[in-house]
1. Among (1) in contact with a Phe, Trp or Tyr (Cβ under 7 Å, 6 or more places away or on another chain); (2) open to solvent by less than 20 Å² (accessible area, probe 1.4 Å); (3) farther than 30 Å from LEU227 by Cβ; (4) not hydroxyl-bearing (Ser, Thr, Tyr), there is one condition PHE172 misses while meeting the rest; what is its number?
2. Checking the structure you have, find out if any residue of segment 73-88 is acidic (Asp, Glu) and touching a helix residue (DSSP H, G or I) at 6+ places or on another chain (Cβ under 7 Å).
3. From LEU94, LEU48, LEU59, LEU123, which residue is at pLDDT 90 or above, closer than 30 Å to THR265 by Cβ and open to solvent by 50 Å² or more (accessible area, probe 1.4 Å)?
4. So is ARG108 of a type in the set (Lys, Arg) and assigned to a helix (DSSP H, G or I) or not?
5. For segment 259-272, check the following and say yes or no: at least one residue is within 19 Å of VAL160 (Cα to Cα) and either open to solvent by less than 20 Å² (accessible area, probe 1.4 Å) or aliphatic (A, V, I, L, M) (or both).
6. Can you name every residue in segment 228-239 that is part of a strand (DSSP E or B) and open to solvent by less than 50 Å² (accessible area, probe 1.4 Å)?
7. Residue check: is GLU72 of a type in the set (Asp, Glu), within 30 Å of ARG285 (Cβ to Cβ), in a helix (DSSP H, G or I) and open to solvent by 70 Å² or more (accessible area, probe 1.4 Å)?
8. List the number of the failed condition for TRP79; all other conditions in (1) hydrophobic (A, V, I, L, M, F, W, C); (2) outside any loop (DSSP other than H, G, I, E, B); (3) loosely packed, with under 13 Cβ neighbours inside 10 Å hold.
Amino acid sequence: RKRQRYVEKDGKCNVQHGNVRETYRYLTDIFTTLVDLKWRFSLLIFILAYALTWLFFGLIWWVIAYSRGDLEHLGDHSWTPCVNNLNGFVSAFLFSIETETTIGYGHRVITDTCPEGIVLLLLQAILGSMVNAFMVGCMFVKISQPNKRAETLVFSSHAVVSLRDDRLCLMFRVGDLRDSHIVEASIRAKLIQSKQTQEGEFIPLDQTDLSVGFETGDDRLFLVSPLIISHEIDERSPFWDVSRGQLERDDFEIVVILEGMVEATGMTCQARSSYLADEVLWGHRFTPLLSLEEGFYEVDYGGFHHTVPVPTPACSARQLAAAAARRDAHLHWSIPT
């Protein structure tokens, strides 16, 4: 049976929130709610916010002109209307647009004999500025989001397990396709696996940290060329007792998270990917990508996902360490006094 992914290969979290009753919380943070909407809904709200505002104030301008009798004295030059050259709802709507957008063609203008019009003009100018600031701010934040920048951060299609300095290591490769770098890049890894506690509690998606160099600072990356991220399988690793046979039978998911600051915009960017148990190759190693050319280093991304088989013990890291300890003890006692 194929395991359901917690995080897709493209970094999308495969989690949907249902039965959320406190939906009013979305309205308390309406700015973030609008930014998180899809583009088609954001554009629809953007258009409606301006169109409805223009229609609302245009209707009020028409009501003022109608209640004052300006529409009944259109040809009377001795009559001073509230708004000059306002002869119907369409012209009131156009005057509302000119007022809120500060276009001011000069054909329609308010007179000083209409106090209610002056108050409405001030109110529309203030509310129009608020609508402009809110909607333009939402669109600017949505456009400048660094989500697309994460698409040029790539992860290897498979993770591998092989020996490094006589120790079993779980490794995967990351790379950046752009020339502009990710500043202060850092990498994390999580093991997602179901577990049952000693008290009988079942935890369906338990998260366990996989050390990728947090203690030594190796998790801070200088991501100029593709790097191989290594998790040493030691006593603290959840794979300490996992052999090759058990790995093929296990059901787990490894989620890797790369985050940093975009050099061009200064905004934080995060890229995610995951590896299922059948995407971890035991006894493989990544092929080299970097070559020295005349005056520069060249990276061949054509072999970014390629691996080659290498001799690797099929036992667990615990068994490998125990065998090494017995061998060292045998050599120690074999040396004459």
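The values are calculated or read from the model by the stated rules, or taken from the named source; none is laboratory data. Please read all numbers here as calculations on a predicted model, not as lab measurements. Glycine gets a Cβ as well: all are built from the backbone with ideal geometry, and neighbour counts include every protein chain shown. Accessible surface areas use protein heavy atoms only, side chains included; no ligands, DNA or RNA. Shrake-Rupley method; radii C 1.70, N 1.55, O 1.52, S 1.80 Å.
1. Only one criterion is unmet by PHE172, namely (3).
2. At the first step, the residues of segment 73-88 found to be acidic (Asp, Glu) are 76.
Those left that are additionally touching a helix residue (DSSP H, G or I) at 6+ places or on another chain (Cβ under 7 Å): none.
There is no residue in segment 73-88 that is acidic (Asp, Glu) and touching a helix residue (DSSP H, G or I) at 6+ places or on another chain (Cβ under 7 Å).
3. Details: LEU94 fails: closer than 30 Å to THR265 by Cβ; LEU59 fails: closer than 30 Å to THR265 by Cβ; LEU123 fails: closer than 30 Å to THR265 by Cβ.
Sole residue among the options that is at pLDDT 90 or above, closer than 30 Å to THR265 by Cβ and open to solvent by 50 Å² or more (accessible area, probe 1.4 Å): LEU48.
4. Numbers: of a type in the set (Lys, Arg): yes; assigned to a helix (DSSP H, G or I): no.
Criteria not met by ARG108.
5. Restricting attention to segment 259-272, the residues satisfying the condition of being within 19 Å of VAL160 (Cα to Cα) are 272.
Filter once more, so that each one left must be either open to solvent by less than 20 Å² (accessible area, probe 1.4 Å) or aliphatic (A, V, I, L, M) (or both): none.
No, that holds for no residue.
6. Here is the first cut: in segment 228-239, the ones part of a strand (DSSP E or B) are 228-232.
Passing the criteria: ILE229, SER230, HIS231.
7. Working: of a type in the set (Asp, Glu): yes; within 30 Å of ARG285 (Cβ to Cβ): no; in a helix (DSSP H, G or I): yes; open to solvent by 70 Å² or more (accessible area, probe 1.4 Å): yes.
Taking the combined requirement at face value, the residue does not satisfy it.
8. Only one criterion is unmet by TRP79, namely (2).
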